[in-house]
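Let me begin by presenting the structure, written as C-alpha coordinates, before commenting on it.
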Amino acid sequence: MAEQVQESMKGTTTIGIVFANGVILATEKRATMGYMIASKKAKKVYQVAERIGMTTAGGVGDAQQLARILTVECNLYQIRRSRAITVGATATLLSNYLNQNRYFPYYVQLLVG
(Lines give C-alpha, C1' and ligand atoms only; values in the text may rest on other atoms or scores of the structure.)
Protein backbone atom coordinates (compact mmCIF):
# COMPACT_ATOMS: atom_id res chain seq x y z
CA MET A 1 0.00 0.00 0.00
CA ALA A 2 2.81 2.43 0.86
CA GLU A 3 4.39 1.84 -2.57
CA GLN A 4 1.10 2.73 -4.30
CA VAL A 5 0.93 5.99 -2.37
CA GLN A 6 4.50 6.86 -3.40
CA GLU A 7 3.70 6.10 -7.05
CA SER A 8 0.67 8.39 -7.02
CA MET A 9 2.61 11.31 -5.54
CA LYS A 10 4.89 11.86 -8.57
CA GLY A 11 3.93 14.47 -11.11
CA THR A 12 4.38 17.90 -12.60
CA THR A 13 4.10 21.02 -10.50
CA THR A 14 1.93 23.77 -11.99
CA ILE A 15 0.72 26.82 -10.12
CA GLY A 16 -1.62 29.70 -10.80
CA ILE A 17 -1.57 32.81 -8.63
CA VAL A 18 -4.46 35.27 -8.87
CA PHE A 19 -3.97 38.93 -8.00
CA ALA A 20 -5.92 42.15 -8.58
CA ASN A 21 -4.80 42.83 -12.16
CA GLY A 22 -4.26 39.33 -13.51
CA VAL A 23 -2.70 35.94 -12.90
CA ILE A 24 0.73 34.34 -12.86
CA LEU A 25 1.01 30.85 -14.35
CA ALA A 26 4.16 28.80 -13.76
CA THR A 27 5.39 25.23 -14.14
CA GLU A 28 8.60 23.30 -13.94
CA LYS A 29 10.29 22.54 -17.28
CA ARG A 30 11.29 18.94 -16.64
CA ALA A 31 9.49 16.15 -18.53
CA THR A 32 9.85 12.66 -17.10
CA MET A 33 9.17 9.14 -18.33
CA GLY A 34 9.00 7.02 -15.19
CA TYR A 35 12.27 7.62 -13.37
CA MET A 36 14.07 9.02 -16.43
CA ILE A 37 14.19 12.73 -17.25
CA ALA A 38 13.20 12.88 -20.93
CA SER A 39 13.69 16.64 -21.33
CA LYS A 40 14.85 19.54 -19.19
CA LYS A 41 13.18 22.13 -21.46
CA ALA A 42 9.61 20.90 -21.94
CA LYS A 43 6.96 23.52 -22.71
CA LYS A 44 4.09 23.37 -20.23
CA VAL A 45 2.74 26.94 -20.34
CA TYR A 46 0.86 27.97 -23.48
CA GLN A 47 -0.59 31.31 -24.55
CA VAL A 48 -4.02 30.46 -25.98
CA ALA A 49 -5.27 34.04 -26.44
CA GLU A 50 -3.78 37.51 -26.14
CA ARG A 51 -4.38 37.68 -22.38
CA ILE A 52 -5.10 34.03 -21.52
CA GLY A 53 -2.67 31.24 -20.74
CA MET A 54 -2.86 27.56 -19.86
CA THR A 55 -0.57 25.26 -17.89
CA THR A 56 -0.45 21.54 -18.53
CA ALA A 57 0.49 18.38 -16.69
CA GLY A 58 0.08 14.83 -17.92
CA GLY A 59 0.38 13.41 -21.42
CA VAL A 60 2.55 15.66 -23.60
CA GLY A 61 0.82 14.80 -26.88
CA ASP A 62 -2.63 15.35 -25.40
CA ALA A 63 -1.53 18.67 -23.88
CA GLN A 64 -0.04 19.93 -27.15
CA GLN A 65 -3.15 18.98 -29.11
CA LEU A 66 -5.47 20.68 -26.61
CA ALA A 67 -3.31 23.82 -26.62
CA ARG A 68 -3.49 24.01 -30.43
CA ILE A 69 -7.25 23.39 -30.48
CA LEU A 70 -7.93 25.95 -27.75
CA THR A 71 -5.72 28.57 -29.44
CA VAL A 72 -7.60 28.15 -32.73
CA GLU A 73 -11.00 28.26 -31.02
CA CYS A 74 -10.05 31.45 -29.14
CA ASN A 75 -8.93 33.06 -32.41
CA LEU A 76 -12.17 32.02 -34.13
CA TYR A 77 -14.18 33.46 -31.23
CA GLN A 78 -12.43 36.81 -31.65
CA ILE A 79 -12.95 36.84 -35.43
CA ARG A 80 -16.65 35.90 -35.23
CA ARG A 81 -17.59 38.24 -32.38
CA SER A 82 -15.08 41.10 -32.91
CA ARG A 83 -14.04 40.97 -29.26
CA ALA A 84 -11.61 39.00 -27.15
CA ILE A 85 -12.73 35.82 -25.42
CA THR A 86 -12.98 35.91 -21.62
CA VAL A 87 -11.23 33.51 -19.26
CA GLY A 88 -14.59 32.08 -18.20
CA ALA A 89 -15.63 31.45 -21.80
CA THR A 90 -12.25 29.83 -22.50
CA ALA A 91 -12.61 27.53 -19.50
CA THR A 92 -16.17 26.62 -20.54
CA LEU A 93 -15.05 25.92 -24.10
CA LEU A 94 -12.24 23.67 -22.85
CA SER A 95 -14.58 21.93 -20.41
CA ASN A 96 -17.10 21.21 -23.16
CA TYR A 97 -14.39 19.85 -25.44
CA LEU A 98 -13.00 17.59 -22.71
CA ASN A 99 -16.51 16.39 -21.80
CA GLN A 100 -17.40 15.44 -25.37
CA ASN A 101 -14.31 13.21 -25.42
CA ARG A 102 -14.97 11.61 -22.03
CA TYR A 103 -15.05 8.07 -23.44
CA PHE A 104 -11.60 8.56 -25.01
CA PRO A 105 -10.18 10.95 -22.42
CA TYR A 106 -7.21 13.25 -22.63
CA TYR A 107 -4.74 12.37 -19.89
CA VAL A 108 -4.01 15.93 -18.80
CA GLN A 109 -4.59 18.29 -15.92
CA LEU A 110 -4.98 21.94 -16.89
CA LEU A 111 -5.06 25.42 -15.37
CA VAL A 112 -6.50 28.30 -17.39
CA GLY A 113 -6.01 31.93 -16.41
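So here's what we get for this one:
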| item | result |
| --- | --- |
| Output for the stretch 51-63, where each listed residue is of a type in the set (A, V, I, L, M, F, W, C) and either under 14 Å from LEU111 (Cα atoms) or exposed (fewer than 12 other Cβ atoms within 10 Å of the Cβ) (or both) | ILE52, MET54, ALA57, ALA63 |
| Candidate set from the stretch 55-113 (those that are more than 18 Å from LYS44 (Cα to Cα) and among the charged types (D, E, K, R)); member that is nearest to the chain's Cα centre (by Cα) | GLU73 |
| Among the residues listed as LEU70, LEU66, the single one being among the aliphatic types (A, V, I, L, M), in contact with a Phe, Trp or Tyr (Cβ under 7 Å, 6 or more places away or on another chain), closer than 19 Å to LEU111 by Cβ and at pLDDT 90 or above | LEU66 |
| Where a residue in the stretch 79-94 is at negative phi and its partner, wherever it lies, is of a type in the set (Asp, Glu) and surrounded by 10 or more Cβ atoms within 10 Å (Cβ to Cβ), with Cβ under 6 Å and at least six apart | LEU93/GLU73 |
| Which listed residue, of ILE69, ILE85, is among the hydrophobic types (A, V, I, L, M, F, W, C) and buried (at least 17 other Cβ atoms within 10 Å of the Cβ) | ILE85 |
| Subset of the stretch 71-93 (residues that are part of a helix (DSSP H, G or I) and β-branched (Val, Ile, Thr)) | THR71, VAL72, ILE79, VAL87, THR90, THR92 |
| Residues that are surrounded by 14 or more Cβ atoms within 10 Å (Cβ to Cβ) and either assigned to a strand (DSSP E or B) or not aliphatic (A, V, I, L, M) (or both), drawn from the stretch 33-50 | LYS43, LYS44, VAL45, TYR46, VAL48, ALA49 |
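The values are calculated or read from the model by the stated rules, or taken from the named source; none is laboratory data. Quantities reported herein were computed from a predicted structural model and do not represent experimental measurements. Positions of Cβ are backbone-derived with ideal geometry, glycine not excepted, and every protein chain shown enters the neighbour counts.
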